[in-house]
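**Q** This is the structure I have questions about; it appears just below.
Please treat every number below as a calculation from the coordinates, not as lab data. Just so it is clear, the model here is predicted, and its values are computed rather than measured. Heads up, the Cβs are rebuilt from the backbone with ideal geometry, glycines too, and the neighbour counts pull from every protein chain shown.
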Amino acid sequence: MFTLVVMAAGLGSRFGGTKQLAQVGPNGEAFLDFAIADARGAGADRVVLIVRSDIEADVRQHFAARGGLPSDLDVAYVRQDEHGPPRPKPWGTAHAVLSAAEAVSGPFMVCNADDYYGPTAYAALARAIHGMADNEAWLCGYHLDHTLPAEGTVTRGVCQVDGDRLTGIVEREGISRADHTFPEDTLVSMNLWAFSPAFLYALQAGFTRFLKQHQDSPTAEYLLPNAVAAQMAKGALTIRVVTTEETWIGVTNPDDLQVARATLKSR
């Protein structure tokens, strides 16, 4: 059993609205509905939804309109904006996970609320985390060609892997299907992780250091990949990688919705 931590507090600036609740499935599902269902199928018994205060009611109403969440799931809501110094823009994905610390007591997975990862990705990660040590974590790696849109460019976290061990992630911008810089089977991170509760102590220490430098910034973000990389660099955290053949689906702009809906319907 494990907890699924869903990061659903983003502003969706480029999308122009609450894309966490955008209807993408054939039955009106949002991405987070698929995430919860797939994680539950893989053994999750608890879900922690990280939201902003101004959208919590909308998220709750979304589930209520769909008949509620399964009764065998323990569900908690965490308001990210109530943790740390107040400002309009959330403090980033690492801070989002940190804000859920009091709601997490065992191994947990972390996912974005506005991405589709696929059921076998959650299942593979769930199998991998059994017996995970306090100084270990897991990342689900996707083949690059399974994450690229038909048109346009994207930024991807390109993974450097030795066996099943992650040795680094490099953010690469401007990747497209027409760009053959990277082989199609290059592994990339789409922010689907598994951690032990011990990692939360490292996040707290990292956020304290981050605030010393950026407390007055309206835009600086404490990001999960950066926090993971910092622990790896210190030798305090070993990241292992499990791969999936799933095709990732996501939306950045409103025009992406039709593509996402067509892809999910075809499944």
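**Q** Roughly how big is segment 2-266's charge dipole about its Cα centre, with Cβ charges of +1 (Lys, Arg) and -1 (Asp, Glu), in debye to the nearest 20? Can you show the working numbers first?
**A** Details: 21 positive and 31 negative charges, 89 e Å.
So the dipole magnitude of segment 2-266 works out to roughly 420 debye.
**Q** Rounded to the nearest 500, what is the chain's calculated 222 nm mean residue ellipticity when only DSSP H runs of at least 4 contribute -39500 (n - 2.57) each, over all residues?
**A** Values: 7 runs with 75 residues, N = 267.
The per-residue figure over the chain is -8500 deg cm²/dmol.
**Q** Then there's this: For a quick protection proxy, order the peptides 219-227, 31-39 by their average other-Cβ count within 10 Å, most packed first.
**A** Details: 219-227: 18.0, 31-39: 23.1.
Result, highest mean first: 31-39, 219-227.
**Q** In a GNM of the chain with a 10 Å cut-off on Cα contacts, which of Gly157, Gly41, Gly131 has the highest mean-square fluctuation?
**A** Gly131
**Q** Also, quick follow-up: Name the most mobile residue of His180, His146, His130, meaning the one with the largest mean-square fluctuation, in a Gaussian network model of the chain with Cα contacts below 10 Å.
**A** Sorting by GNM fluctuation, first place goes to His180.
**Q** Dipole of segment 1-120 (Lys/Arg Cβ +1, Asp/Glu Cβ -1, origin at the Cα centre): which of Gly68, Gly28, Thr18 lies farthest to the positive side?
**A** Working it through, the farthest residue towards the positive pole turns out to be Thr18.
**Q** I've got another one for you. Can you spot the lysines whose alpha carbon is less than 26 Å from Lys19's alpha carbon? Ignore those fewer than 8 places along the same chain.
**A** Lys89, Lys265
**Q** Restricting things to Cα coordinates, could you compute the convex hull volume per residue of segment 2-266 in Å³? Present the calculation step by step, with values, prior to reporting the outcome.
**A** Numbers: hull volume 33.5 nm³, N = 265.
For segment 2-266, the hull spanned by Cα atoms encloses 126 Å³ per residue.
**Q** Let me ask another. Only four residue types carry charge here, +1 at the Cβ of Lys and Arg and -1 at the Cβ of Asp and Glu. Report the dipole size of segment 6-161 about the Cα centre in Debye, rounded to the nearest 20.
**A** Working: 12 positive and 18 negative charges, 55 e Å.
It works out to roughly 260 debye.
**Q** Sort 198-205, 44-51, 133-140, 230-237 for me by packing, meaning the mean count of neighbouring Cβ atoms within 10 Å per residue, highest on top. It would help to have the intermediate numbers written out before the result.
**A** Values: 198-205: 17.4, 44-51: 22.5, 133-140: 19.6, 230-237: 14.6.
Highest to lowest by the protection proxy: 44-51, 133-140, 198-205, 230-237.
**Q** To make sure I understand, if each residue's beta carbon is the centre and we count other beta carbons within 10 Å, what order do Cys111, Cys159 fall in, fewest to most?
**A** Neighbour counts put them in this order, fewest first: Cys159, Cys111.
**Q** For segment 182-252 and segment 78-98, what is the centre-to-centre distance using only Cα atoms, to the nearest Å?
**A** 15 Å
**Q** Peptides 114-123, 79-88: what's the order by average Cβ count within 10 Å, highest mean first?
**A** Numbers: 114-123: 22.2, 79-88: 14.3.
So the order, starting with the most tightly packed, is 114-123, 79-88.
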